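Below is one structure, written out as structure tokens; comments come after it.
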Amino acid sequence: MDHSFSDVVNVPLCSEMLRHFYTASGIPCAFCGKDGSPLASAGGQTLCHHFHRTHPEYRKYCEASWEEIGRAIENGDEEYLHRCQNGLMDGAVPIRVEGDLLGYVVIGQFFLVPPDETTFLDRARANNLDEAAYTEALRTVPIVSRERADAALRHFHILANLIAEAGVHRRQMAFLNASLQNTPPSRTRTPSSEPRSRSG
């Protein structure tokens with residue numbers, strides 16, 4: 001029996017949790033459905049949203065990054081972190097209910113080490129982007145240590161397991177309710193239907 005993310009998870013509560021996580025860690029994060037559509041998110045970088053995702057030359061690398069994450073998850077990875085071809089880090093943790101993919105927790109849009117600005121700006125010029133605005137956006141992207149990034153993935157891995165347990169419980173309750181609805185009502189005897197004892 002399939003369930004959507006919103007069947008199992010309180011999405012507004014998840015949104016609040018993500019906001020607090022982003023405030024505490026500075027790491028952008030999101031819950032996505034199994035098709036990759038965002039359901040709740042917190043944080044984000046101007047470099048990605050204003051430049052990379054709106055320019056066709058950069059956007060194709062954003063799409064390729066998501067495809068790579070999808071392949072890694074399909075191959076069984078439970079925590080995946082990689083550097084996209086636009087130069088920023090992306091990561092994901094799958095949420096599965098009894099083996100069925102429910103969605104993802106995604107983190108990303110940060111650097112593990114300070115970026116080589118020359119490389120980024122040369123490419124921005126080649127694509128006719130506003131160099132000053134691009135530089136300003138580049139310098140606001142947080143630098144997150146590998147240890148912190150791994151800890152963030154582990155945090156969401158544990159959360160994904162808790163969500164999966166809730167999903168299993170919901171499936172079991174749905175199966176039980178369906179079974180009860182399909183069970184014929186028990187026959188009860190009324191006083192008039194009780195056999196009378198014969199005397200003598």
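The values are calculated or read from the model by the stated rules, or taken from the named source; none is laboratory data. Source: prediction; values computed, not measured. We place every Cβ from the backbone using ideal geometry, glycine too, and count neighbours over all the protein chains shown. Just the protein is used for accessible areas: all its heavy atoms, side chains included, with ligands, DNA and RNA removed. Shrake-Rupley method; radii C 1.70, N 1.55, O 1.52, S 1.80 Å.
Here are the numbers:
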| quantity | calculated |
| --- | --- |
| Segment 1-118: C-alpha gyration tensor shape, a/c 1.5 cut-off, then a/b vs b/c | prolate |
| Gain on full stretching of the segment that runs from residue 7 to residue 74 - 0.36 nm per residue minus C-alpha separation | 21.9 nm |
| Phi to ³J(HN,Hα) by Karplus 6.51 cos²θ - 1.76 cosθ + 1.60 over segment 136-150, Hz, x for Gly, Pro | 4, 5, 4, 6, 8, 6, x, 9, 10, 5, 4, 4, 5, 5, 5 |
| Surface accessible to a 1.4 Å probe, residue 123 within the full protein complex, Å² | 70 |
| Relative contact order for segment 10-99, counting Cα pairs under 8 Å that sit 6 or more residues apart, in percent | 17 |
| Residues of segment 38-162: accessible area per residue with a 1.4 Å probe, Å² | 51 |
| Segment 23-40 residues near the modelled residue 112 label - backbone nitrogen below 19 Å, point 7 Å along Cα→Cβ | 26-29 |
